[in-house]
Structures are given as structure tokens and as C-alpha cells.
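The values are calculated or read from the model by the stated rules, or taken from the named source; none is laboratory data. Since the model is a prediction, treat every value here as computed from it, not as a measurement. Note: ideal-geometry Cβ built from the backbone for every residue, glycine included; neighbour counts use all protein chains shown. Note: accessible area is taken over every heavy atom of the protein model, side chains too, but ligands, DNA and RNA are not part of it. Shrake-Rupley method; radii C 1.70, N 1.55, O 1.52, S 1.80 Å.
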Amino acid sequence: MTGLHLRGVVLPEGGAPRDLWVVNGRIRTRPVPGATTVSDGGYLVPGLVDAHCHVGLGPRGAVDLPEAVDQALANRDAGALLLRDCGSPLDTRPLQERLDLPRVLRAGRHLARPKRYLRYLGHELEDPADLPAAVAEQVADGDGWVKLVGDWIDRDTGDLAPLWTEDVLTEAIKVAHEGKARVTAHVFGEDALPALLAAGIDCIEHGTGLTDDTIELMARNGTALVPTLINVVENFPSIAGGADRFPAYQAHMRDLHARVSRTVAKAVEAGVPVFAGTDAGGGIAHGRIADEVEALHRVGMTTERALGAASWAAREWLGFPSLTEGAAADVVVYGSDPREDLAVLRRPSLVVLRGRIHV
């Protein structure tokens, strides 16, 4: 086969249908003689992105490699062809060698403190001063991202509390940036955010405790937010329900859950870069990127912006071009315009990953 040929409306540009060709796993915008037409009509969307998931993680910790493959396949079949893995206890580098699986950007292990995160998931530092050195190790071992645990319940105080001081964070994030890596942090509450933002964090995960002041600071600095809305909506009530021993924490989690839609809507309105991530891998099944896109739309994003948060905008943020000359041929084809009906995202008619067809 000389190549593949696809014709349809190319998003995000829209307009009249046009032609794309695929040769050796790359997009071509000029005719390729002898190419086989595999799609004629519909909408051509740059491969979807789940910007926060955990390939290799299950409800009880690390899964085996075959199960991690199944997780990756669930994402691929849903059209999510680029995954930012936000921390996994499993070494998922073997998945990166398979051409039939989505591209995976690994953030390595969560960096946490003893008894201040899920015990089977993170790398725990006894001395918080060791954070910069631990970040350096994660930079060397990862794919351009490092994941911190910004806050978690402190059992001595009975509520969410920061894990790190601003001076340690500043040095750690400096180390990451010098190593050409970006840093993100799990944050549920309010108190950890000012120090993380002052230290130059690149992204906030969840962000349920954002306030007007921290939203303004994120917008000014261009700090990204991945709110993982389906995880917050579905899992916060059960987290709170199991915390009867810590009534302040319990009430706090319920309050964060109750106002998450307003919180994220304010961030969207303020111009914070917001991207779609499901938090799949623990309590959320893989392959649910369409649910997260719809959730972003419900809190105030236009359908086009919500789709972009899981496609072209997210790809640009992560350093991957969309459907341009020479770009990787990662394309999802839909029979009708997903900007008109986001439910269409659940019914891809064709998935092309690295130039290979997956229906």
C-alpha cells in the first residue's frame, strides 16, 4: 500500500471538506498517487488526549502489564491516542514500544511524604528537604513531567494540609525546569496552592480548592488546570463518606465537591488553560474521555473549546502537532460534527494511530 487517503472536515479549522494523506505514519497534505481511501466524509479530529490518567494503576495498586495494555487499548478505542500518565506504580515503558497503543507520556512516581498519600502509589520522602533530589531522579526517569502530591489529609490536624514549604518547592521546580521537565501537583484544598504557584508550578491537577486569588494568579502565569471533573463528581462523596473519624476533612471534601462546577467555571472564564483528564486508573475506568469533555462543557466551555481541551489544544500544550504536514498520523474520524453534539465522541467511525487503522 502506497498510503492512506482521508477526506472530511478537518478540525479545528472547519470549513469545506479537504483531503489528507498518510505515508509512513505521517500526515501529508499533497496528493499521494495510489493511496487507498479509507474515509470519505465526516469530521477529522486530531487524536484525543487524556491529560490525566494512570496507566498501570488499579484500585489495589499496580496491575500487571497485560492489564495495563487493556487499559491503554480502552483509551485507544475511545479515540484517546495521547495519554499523559500522571504517576503510576508500574513501569509502563514497555507500552511505549507497541505501535498499537496510545502514546504515553510518563510522569514516573508521585512524590509524597510518609502517610500523606495512598500508600501503594507514591515515592515517600522522610525528609521534605530531599524533594529537589527526588525531582531530579524523576526528571531523568520520566518523559518531561514530574508529579508532586501538593496536599493530603494530615491526621494530626484532621484536614487537608500542604506537604511542602515554598522554599523547598521553589528549589525542586527549578531543578525540574533546568532538566527541561514540567511539574504538576495533586491539589484538593486551598492552602497548598499559593506556595505551589509562587514556586512556578506548571500545572494543577483537580484544583477543587481554587479561589478567586489563585485563579487570577494561574491565569496571569499561564498555569494549566486539569480538573478531572468526572473523578471529583463521582468519587468525592465516597471519600467523604468514609472519613467519619475526621469531621473537618469530611465537611471540607463535601464542600469542595458541592462547588466544583462553579470553581472550574471561574477558571475557564478567567482564561486559565484548562485541559481534559479523567483520572482513570483508580476509581475511574479508562476510555471515558468523552465524559470529561461533556463535563467541561457543562461548566461553561463551548463545545468547540471543550473538544479542543481534549484534542488540538491539549496536543499543542504537550508538544504534539495536530493534522499538519509531517505530523504524526493520529486521527479520529466521526460521522457528524462533534461540536454540534459531543455525544458523537462515543462513536468514532475510524481511529488512525501512527498511520495504522483501528476501527
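A few comments on the model shown:
- Being open to solvent by less than 10 Å² (accessible area, probe 1.4 Å), modelled with pLDDT under 95 and not hydroxyl-bearing (Ser, Thr, Tyr) is a property that does not hold for residue 82.
- Number of residues in segment 322-359 that are assigned to a loop (DSSP other than H, G, I, E, B), at pLDDT 95 or above and within 20 Å of residue 5 (Cβ to Cβ): the value is 13.
- Within segment 53-68, considering residues that are over 18 Å from the mean Cα position of the chain (by Cα) and assigned to a helix (DSSP H, G or I), the one surrounded by the fewest Cβ atoms within 10 Å (Cβ to Cβ): 66
- Exclusive hit being acidic (Asp, Glu) and surrounded by 19 or more Cβ atoms within 10 Å (Cβ to Cβ), set 19, 40, 50: 50
- Of all residues in segment 246-264 being in contact (Cβ under 8 Å) with a residue 40 or more places away in the chain and within 11 Å of residue 159 (Cα to Cα), the one that is least open to solvent (accessible area, probe 1.4 Å): 253
- Scanning segment 92-117 for residues that are open to solvent by 10 Å² or more (accessible area, probe 1.4 Å), assigned to a loop (DSSP other than H, G, I, E, B) and closer than 20 Å to residue 50 by Cβ yields 98, 99, 100, 108, 109.
- Segment 269-310, residues that are polar (S, T, N, Q) and over 11 Å from the mean Cα position of the chain (by Cα): 302, 303
- Any hit, segment 179-193, residues being closer than 28 Å to residue 230 by Cα, in a loop (DSSP other than H, G, I, E, B) and out of contact with any helix residue (DSSP H, G or I) (no Cβ under 9 Å at 6 or more places or on another chain): yes
- Within segment 140-166, the set of residues being β-branched (Val, Ile, Thr) and closer than 12 Å to residue 111 by Cα comprises 146, 149.
- Residues that are assigned to a loop (DSSP other than H, G, I, E, B) and closer than 22 Å to residue 264 by Cβ, drawn from segment 288-321: 288, 299, 300, 301, 302, 309, 310, 311
- Of the residues making up segment 86-97, not a single one is over 27 Å from residue 309 (Cβ atoms), more than 23 Å from the chain's Cα centre (by Cα) and touching a residue at least 24 places away in the same chain (Cβ under 8 Å).
- Sub-6 Å Cβ pairs linking a first residue in segment 98-118 that is closer than 15 Å to residue 71 by Cβ and modelled with pLDDT under 95 to a second residue that is among the β-branched types (Val, Ile, Thr) and open to solvent by 30 Å² or more (accessible area, probe 1.4 Å), at least 6 apart or interchain, number zero.
- Checking each residue in segment 208-231 for being in a strand (DSSP E or B) and either of a type in the set (Val, Ile, Thr) or more than 26 Å from residue 284 (Cα to Cα) (or both) picks out only 226.
- For segment 1-12, the set of residues classified as at pLDDT 95 or above and either out of contact with any Phe, Trp or Tyr (no Cβ under 7 Å at 6 or more places or on another chain) or open to solvent by 80 Å² or more (accessible area, probe 1.4 Å) (or both) consists of 6, 7, 10, listed by residue number.
- Filter result for residue 45 (closer than 21 Å to residue 356 by Cβ, in a strand (DSSP E or B) and hydrophobic (A, V, I, L, M, F, W, C)): yes
- Selected residue [surrounded by 19 or more Cβ atoms within 10 Å (Cβ to Cβ) and at positive phi] from 122, 87, 142: 87
- Flag for residue 217 being in contact (Cβ under 8 Å) with a residue 40 or more places away in the chain, more than 18 Å from residue 135 (Cβ to Cβ) and buried (at least 16 other Cβ atoms within 10 Å of the Cβ): no
- Among (1) touching a strand residue (DSSP E or B) at 6+ places or on another chain (Cβ under 7 Å); (2) surrounded by fewer than 23 Cβ atoms within 10 Å (Cβ to Cβ); (3) over 28 Å from residue 67 (Cα atoms), the one test that residue 176 misses: (2)
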